[in-house]
Amino acid sequence: SELIRGFLLSGMPCASSCPPGLLALMAPGLALMATFSLPSQAGDRRVLPVEKPPGVKGRTLILLDVNTKSPVRIISENFLSLQLDPSIIHDGWLDFLSSRRLVTLARGLAPAFLRFAGKRTDFLQFHNVKNPAKSRGGPGPDYYLKNYEDDIVRSDIALDKQKGCKIAQHPDIMLELQREKAAQMHLVLLKEQFSNTYSNLTLTARSLDKLYNFADCSGLHLIFALNALRRNPNNSWNSSNALSLLKYSASKKYNISWELGNEPNNYRTLIGRSVNGSQLGKDYIQLRSLLQLIRTYSRANLYGPNIGRPRKNVIALLEGFMKVAGSTVDAVTWQHYYIDGRVAKVTDFLKTRLLDTLSDQIRKIQKVVNMYTPGKKIWLEGVGTTSAGGMNNLSDSYAAGFLWLNTLGLLASRGIDVVVRHSFLDHGHNHLVDQNFNPLPDYWLSLLYKRLIGPKVLAIHVAGLQRKPRPGRVIRDKLRIYAHCTSYHNHNYVRGSITLYIINLHRSRKKIKLAGTLRDKVVHQYLLQPYGKDGLHSKSVQLNGQPLAMVDDGTLPELKPRPLRAGRTLVIPPLTMSFYVVKNVNALACRYR
């Protein structure tokens, strides 16, 4: 190829005996994910001799260039977004969303959507009352009822006196009591989840105020999923409770987008009665009509139907929905969980087959959407590494980041407009922030992504020189490379810079030589590795060798790069994730917003 020929002419000689099949351009045209394999004729299992070029050390040298002329995809500025599950009402964490520390952490991931939805969406009832002490229920010893509840009320009174963004300072003892309460409720929530039977949940006006305050203070746009399982005898949607919530939100001038229901394909197992795609489409049209009657929401965005994994019956539901309401929604949504959290192992997060399960789902969803509403935006909502609330020391560990970062890269490269991460904070182990309000590895990964990655996706061109390949050795897919224009919001880099992000699933380091337009440019490295003795199980990370932690409740740490000299080969350590900003490329695709 011209890329290889140009690279060799620039000072990378190869002996004339090098077989031409060993230099293969693995990602031509629009291919955005780099995979490396050795082409050979069928049945030929000989080990082919390769003369190592002078100056090349190590097992593999990968040559990498990026098409800088035009982007192949442009995704939303809010591409990486967040979710909160209604279970935070049950376990009490909603009352602590005004914490300065939580707001600081959420603000670090802005701009983004904040989706309030989950398995309990369709058991959520709105109750327009203001007194939190009288409306709160749930088990607890006397000190909860006397001290804890009174502390919440006093905190609410103090918040009411604040104007604008309302921030609370919760005493340590108050947080300790809340963690005890949440631990009790965690067992109840897990029992509900595993039995697939859920109790009704009440959202008060006070609770909605707290939810919106958190989103508004954090720079997030709230998306609220309404209960779709309130049904009339003829199985149509009963909108009376939703209308009460809409009117209250409008009276407060809350800027909210809307959804209806969560995983409608599971309704038969939840209530013994299904809602088909056609009926769900009619329900969405009914909701759109309601929104148009309320001036505040006459132009509000509406998203759905938030189906589950696109199996045959789910695709049929989506097709029925799209026929009726495809033009009613502003984006079509579905959700995905990679692993059953009850049986997950750390090695699962390193399996390329697992990373690729999402690709087939994207194809199925895009096929249906493009059949009925070509060009309609598609979102992946409620994505998480594991189902069933996740697994401690796995789905909240460094290892889970391989799935998360690959999800971001794959979705962006396939043109999925938004991905909503489940969850920012909840009772399980899929969250970005734990119950001590400490950021977990996937939070730091998300923060780096937000700081460095812009919405324009670029095509990459890759070639590999393999030395002594072993027959049958699986090299393919274990090194994944994605490229975007660097975020315009990052003022440390001039427009025209490019950011690469790389996942190395190999158990050996890999070397990448930047070629073409990227050759001889200064590069800033952001290498994210586990911190401490727990390795891939670690819940702490280090950036370029320095552990990451909040400076204080109101301050995130500076994400300092490691500058690499111009022309230096990138060395990717085994089992790591990394970002590389190629400075001053002056890429035409990245100069303008």
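The values are calculated or read from the model by the stated rules, or taken from the named source; none is laboratory data. Model, not experiment: these values are computed from the prediction. Note: ideal-geometry Cβ built from the backbone for every residue, glycine included; neighbour counts use all protein chains shown. The area values use the complete protein model at the heavy-atom level, side chains included, leaving out ligands, DNA and RNA. Shrake-Rupley method; radii C 1.70, N 1.55, O 1.52, S 1.80 Å.
Key figures for this structure:
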| item | result |
| --- | --- |
| Whichever residue in the stretch 167-208 is of a type in the set (Ser, Thr, Tyr) and touching a His at 6+ places or on another chain (Cβ under 6 Å) and, among such residues, is surrounded by the most Cβ atoms within 10 Å (Cβ to Cβ) | 204 |
| Close pairs (8 angstrom Cβ cut-off, 6 or more residues apart or separate chains): closer than 17 Å to residue 486 by Cα and charged (D, E, K, R) in the stretch 58-76, open to solvent by 10 Å² or more (accessible area, probe 1.4 Å) and at pLDDT 95 or above anywhere | 65/514; 69/588; 73/413; 73/414; 73/415; 73/456 |
| Test for residue 273: is it assigned by the TED database to the domain that holds residue 410 and open to solvent by 50 Å² or more (accessible area, probe 1.4 Å) | yes |
| Residue satisfying condition, being of a type in the set (D, E, K, R) and free of Cβ contacts under 8 Å to residues at least 24 places away in the same chain, within set 533, 511 | 533 |
| Members of the stretch 499-521 that are assigned to a loop (DSSP other than H, G, I, E, B) and more than 13 Å from residue 479 (Cα to Cα) | 515, 519, 520, 521 |
| Yes/no for residue 408 being modelled with pLDDT under 95 and assigned to a helix (DSSP H, G or I) | no |
| Where a residue in the stretch 236-255 is in contact (Cβ under 8 Å) with a residue 24 or more places away in the chain and its partner, wherever it lies, is open to solvent by less than 50 Å² (accessible area, probe 1.4 Å) and of a type in the set (S, T, N, Q), with Cβ under 8 Å and at least six apart | 236/279; 241/125; 241/227; 242/227 |
| Residue match in the stretch 281-294 (condition: at pLDDT below 95 and of a type in the set (Lys, Arg)) | no |
| Among residues of the stretch 564-590, those that are under 26 Å from residue 457 (Cβ atoms) and touching a His at 6+ places or on another chain (Cβ under 6 Å), counted | 1 |
| Pair list, Cβ < 6 Å and 6+ apart or interchain, from the stretch 351-377 residues that are surrounded by 14 or more Cβ atoms within 10 Å (Cβ to Cβ) to residues that are small (Gly, Ala, Ser) | 372/326; 373/326; 377/331 |
| Within the stretch 484-498, considering residues that are of a type in the set (Val, Ile, Thr) and assigned to a strand (DSSP E or B), the one farthest from residue 458 (Cα to Cα) | 486 |
